[in-house]
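Engineer: Could you have a look at this structure, given as structure tokens, before my questions?
The values are calculated or read from the model by the stated rules, or taken from the named source; none is laboratory data. Just so you know, these numbers come straight off a predicted model, no measurement behind them. Cβ sites come from the backbone with ideal geometry, for glycine too, and all protein chains shown count toward neighbours. Heads up: the accessible areas ignore ligands, DNA and RNA and are worked out on the full protein's heavy atoms, side chains in. Shrake-Rupley method; radii C 1.70, N 1.55, O 1.52, S 1.80 Å.
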Amino acid sequence: MAKLNVNGKTWDVQAEADTPLLWVIREHVGLTGTKYGCGVAQCGACSVHINGELQRSCSIPLGSLKAGDKIVTIEGLSPNASHPIQKAWAELDVPQCGYCQSGQIMAAAALLKKNPKPTDQDIDQAMTNICRCGTYQRIRAGVHLAAGRGALLVRLLGRTVVRAATLVGKAGSRSRLFRPRSTCH
Ligand code: FES
Ligand code: FES
């Protein structure tokens, strides 16, 4: 039995010491916003904060955690999706299928905490999460917007989106053929 503090609540967890934190969060605590992607600390889909540090929960064994460790998942980042990163993500429609996005948001939130005004290079260096839908441009714009200096980027992105929407509209029924399929998770 292990005691875990997840999103400010204490949980008694009965699991083997080598159980990855990701599965404890999903299966024992019942919070499924944290996703499984690769299982080997490469993709970032499972990102959470432990004592304020970004960590890949698929590679943290339960036995390595202490009762006093504070784990924050996407569900605990803010009470009502009001974290600046979450608001920027919603405003810019950053996600496509959405699978990687809780990890991306956790990574972006950790970045802004350490570096409130990151450059594109800072973002690329700090956020190595993989997005199979290729939302990297919007992720960058979202981080800039949340950092409070993204007005120009947002305007540029907005123009690109409007232009793309017009082109897709002109393509008519063809666009339906190429629309990305949504995925159930
Ligand atoms: S599932 Fe943890 S990094 Fe990919
Ligand atoms: S939005 Fe990133 S994997 Fe789909």
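Engineer: Please list His28, His49 from largest to smallest accessible area, probe radius 1.4 Å, with all protein chains kept in place.
Structural biologist: His28, His49
Engineer: Now for a separate question. Using a probe radius of 1.4 Å on heavy atoms only, what accessible surface per residue do you get for the stretch 2-76? Whole Å² is fine.
Structural biologist: Roughly 48 Å² per residue, with all protein chains present.
Engineer: Label points 7 Å out from Cα along the Cβ direction at Asp12 and Ala90: separation in nm?
Structural biologist: 3.7 nm
Engineer: In the structure displayed, which of Lys70/Lys114; Lys87/Lys114; Lys3/Lys87; Lys66/Lys117; Lys35/Lys66 lie more than 29 Å apart, Cα to Cα? Please list the in-between numbers first.
Structural biologist: Details: Lys70/Lys114 18 Å; Lys87/Lys114 19 Å; Lys3/Lys87 32 Å; Lys66/Lys117 33 Å; Lys35/Lys66 23 Å.
Listed pairs above 29 Å: Lys3/Lys87; Lys66/Lys117.
Engineer: Which GluC sites (Glu not before Pro) in the stretch 8-84 sit in a loop by DSSP (not H, G, I, E or B) and have at most 15 other Cβ atoms within 10 Å of their own Cβ?
Structural biologist: Glu16
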